[in-house]
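Please treat every number below as a calculation from the coordinates, not as lab data. Bear in mind the structure is a predicted one, so any value in this text is a computation, not a measurement. Note: ideal-geometry Cβ built from the backbone for every residue, glycine included; neighbour counts use all protein chains shown.
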Amino acid sequence: MTDPTPGPAPAIPDLAQYRRAPEGTHPPLLSPGYASTVLRAPKDPLIRMPHTLTEVTGPLLGEGRIGELDHDLTRQHDGEPLGERIIVHGRVLDGDGRPIRRTLVEVWQANSAGRYLHEGDQHPAPLDPNFTGVGRCVTDDDGRYRFITIKPGAYPWRNHPNAWRAAHIHFSLFGRAFTQRLVTQMYFPNEHLFFQDPIYNAVPDERARQAMISRFDLDETVPEWALAYEWDVVLTGRDATPLDADEH
Amino acid sequence: MPLQVTPSQTVGPYFAIGMTWEDGPYVVPEGTDGAIRIRGRVTDGEGRPVPDAVIETWQADADGRFDHPDDPRGPASGFRGFGRCGTDGDGGYAILTVKPGPVPGPGGTTQAPHIDVSVFARGLLNRCVTRIYFADEADANAADPVLSSVPEARRGTLVAEPTDDGYRFDVRLQGERETAFFAI
């Protein structure tokens, strides 16, 4: 080769790999019960990627992006939104139960009538002028997050006849590494609609599905003010030892 | 015994209210020396635009360093490294950034300049992970341990082509010339 090439990057020690979620944890991309997957799910097999420096690092964002009321979805307008006021709280952990500190948590949701503040949402339910449905916060030194919001309503969609989404709050999490990036949905206990919700049911493993359901938390309720739900989010953990040389 | 990992779910059709930031597409501010614009389109199995996707990027700075405590080479550079852009009605996205430098790879190898990409969309129950490489880095690409692990016929789907102000990188979720995606 005659072309000049950039000098090699200086070598670094091999890096501890993040664990891969067990089979059945994440939904298969092609899940025909959820009709929109059919033309969007890649069909070629995924290629196993080693966790290099690019994957064991990741954006550490948040501190400068959080406004004072971003965690309180009931106080972002002149008046209070209609609906059942709730506290949603929990921890962001890695797979070994260690808290993920100072990490950005983003949420978005429908209002209490089951309508999103989005032009694409044509569900004939009222918008609430006092509810945007968007929140963010950064976890504390114990990995804790806490939002105040209203309980989102269930809403119809056109996936199959008489289809309704189980009530949920969307959560977006970064963790500390590109490998840990996760967007998921938190559900509520005592939900009647799981049986016909193909997004919830796309997760093959029963225990994994249960991990998306929050717990009613009497201890965290505020008397005469709000009920509370607790939900921990677990991102992948990291192996203690670097990748074996023969796995490269 | 590791804890039960929380499963992934789709971002759904309305993620734009929560996941878009005004400065998301700007890994570097407009006017930065050496800035490049990476543009492309996200299309589905019938070649139609995907107007409700979001592209996220993560990369090293021009010297191949990450602003992260797990980069073993020392102090942070202050480079954000992260970009995020929702697609428009035609499936288009654009990220303003700088071209990353080469990054150390496993076993003393060197990785060609590359950008990690997550694609989220309605209809994707988990993110699709891919990488952007650069067509004008042919020698470095040939020696890259991750690109080399992709079947030769599919490698081209990861290589962004130069344009007037940067590079073009399309994401074909399914079908003809489907983008190579990784399990991570």
At 7 Å along Cα-to-Cβ for each site, give me the label-to-label distance between B:Ile17 and A:Thr221 in nm.
2.7
So between A:Asn159 and A:Arg101, what do we pick up on full extension, going 0.36 nm a residue minus the alpha carbon distance?
17.1 nm
Nearest-0.05 FRET efficiency for B:Arg168 and B:Glu30, computed from C-beta distance (R0 22 Å)
0.70
Integer Hz, Karplus 6.51/-1.76/1.60 couplings in order for the range B:65-82, x for Gly and Pro
10, 10, 7, 7, x, 8, 6, x, 8, x, x, 5, 9, x, 7, 4, x, 10
Sorted largest first, the C-alpha extents of the range B:16-172 along its principal axes in whole angstrom are 41, 36, 33
Distant-in-sequence amide H partners of A:Tyr155 (H built 1.01 Å from N, under 5 Å)
A:Arg165
Within the range B:1-38, list the residues whose amide N lies under 19 Å from a label point set 7 Å along Cα→Cβ of A:Ala35.
B:10-14
Connecting every pair of Cα atoms under 10 Å apart in chain A and solving the GNM, the largest mean-square fluctuation among A:Thr74, A:Thr236, A:Thr57 falls on A:Thr57
Neighbourhood charge, 11 Å Cβ-Cβ cut-off, centred on A:Tyr200 and excluding it, Lys, Arg +1 and Asp, Glu -1
0
Asserting the computed 222 nm helical MRE of the protein assembly as shown (DSSP H runs at least 4 long, -39500 (n - 2.57) per run, divided by residue count, to nearest 500) equals -1000 deg cm²/dmol
For the protein assembly as shown, what class follows from the C-alpha gyration tensor (a ≥ b ≥ c being the square roots of its eigenvalues): rounded when a/c is under 1.5, otherwise prolate if a/b is larger than b/c, else oblate?
prolate
Highest GNM mean-square fluctuation, chain B, Cα pairs closer than 10 Å: which of B:Asp52, B:Asp33, B:Asp44?
B:Asp33
Modelled label reach - A:Ala11, point 7 Å along Cα→Cβ, the range B:107-141 residues with backbone N closer than 13 Å
B:107-110
Gyration tensor on Cα atoms of the range A:27-146, a ≥ b ≥ c root eigenvalues, a/c under 1.5 rounded, else prolate if a/b beats b/c, else oblate, says oblate
Just add up the charged neighbours of B:Leu158: K/R +1, D/E -1, any other residue whose Cβ is under 10 Å from the Cβ of B:Leu158.
+2
